[in-house]
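Reading through the structure tokens given below for one structure.
Values in this text are rule-based calculations from the coordinates and carry no lab data. Small disclaimer: the values here were computed from a predicted structure and weren't measured. Quick reminder, even Gly has a Cβ in these numbers, built from the backbone with ideal geometry, and neighbours come from all protein chains shown.
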Amino acid sequence: MERPQTTRTIRLWVNGSEVERTVEARQSLADFLRDELGLTGTHLGCEHGVCGACTVLLDDEPVRSCLLLAVQCHGAHVTTVESLAQGDRLHPLQEAFMAEHGLQCGFCTPGMLMSALAFLRETPHPTEEQVRQALAGNLCRCTGYQGIVAAVLRAARQGIA
């Protein structure tokens, strides 16, 4: 009986750059981003897909990177929070989070930003209720969500989508 292959070579695009690596077949996308590429903005909270801290965009759709295997992303485009700022210039959504005090400890912030970005691209003029619904899968233990919702609404008014 043949043993299953334990490593695979994958090629994907991360934040616009092509990446090719040989990875363990069981390595999560989150661990791949953090350990192989040094992109530590993708946070690991629960590692069960519940908290949303590890949210990234996979082909422009928000996904929980702790639930995906890196090998499942072969050929895909992955966007992480590191892609938002351009040098020292923050993305307007990041600026809105700062202006509206939408962060405290910052642990949930990368996942919130990526979820909010995907949401605003689909819904450029949301209501408060729509924002709350869109971010319901991202847990924050510090802010009470008021500043986060205000930040997303501010970014929408600025037309960042």
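Assorted remarks:
- Counted over the chain, the DSSP beta bridges are approximately 90% antiparallel.
- For the range 97-149, projected area of the alpha-carbon convex hull averaged over all directions, nm²: 3.3
- Local electrostatic count at residue 22 - Lys and Arg +1, Asp and Glu -1, tallied over other residues with Cβ under 14 Å: 0
- Neighbour-count ranking [beta-carbon atoms within 10 angstrom, fewest first] of 160, 148: 160, 148
- Structure-based [θ]222 nm, the chain - -39500 (n - 2.57) summed over DSSP H runs of at least 4, per residue, nearest 500: -7500 deg cm²/dmol
- DSSP H segments from the chain that extend 18 Å or more along their own axis, Cα-based, with Kyte-Doolittle mean of -1.0 or above: 109-122
- Global geometry of the chain, whether rounded, prolate or oblate, following the gyration tensor of its Cα atoms and the 1.5 cut on a/c: prolate
- With Cα atoms defining each centre, the range 81-133 and the range 52-67 are spaced 14 Å apart in the structure.
- Under a Gaussian network description of the chain, with springs only between Cα atoms under 10 Å, the residue in 147, 111, 52 that fluctuates furthest is 147.
- Using Cβ point charges alone (K and R +1, D and E -1), the dipole size of the chain about the Cα centre works out to roughly 180 debye.
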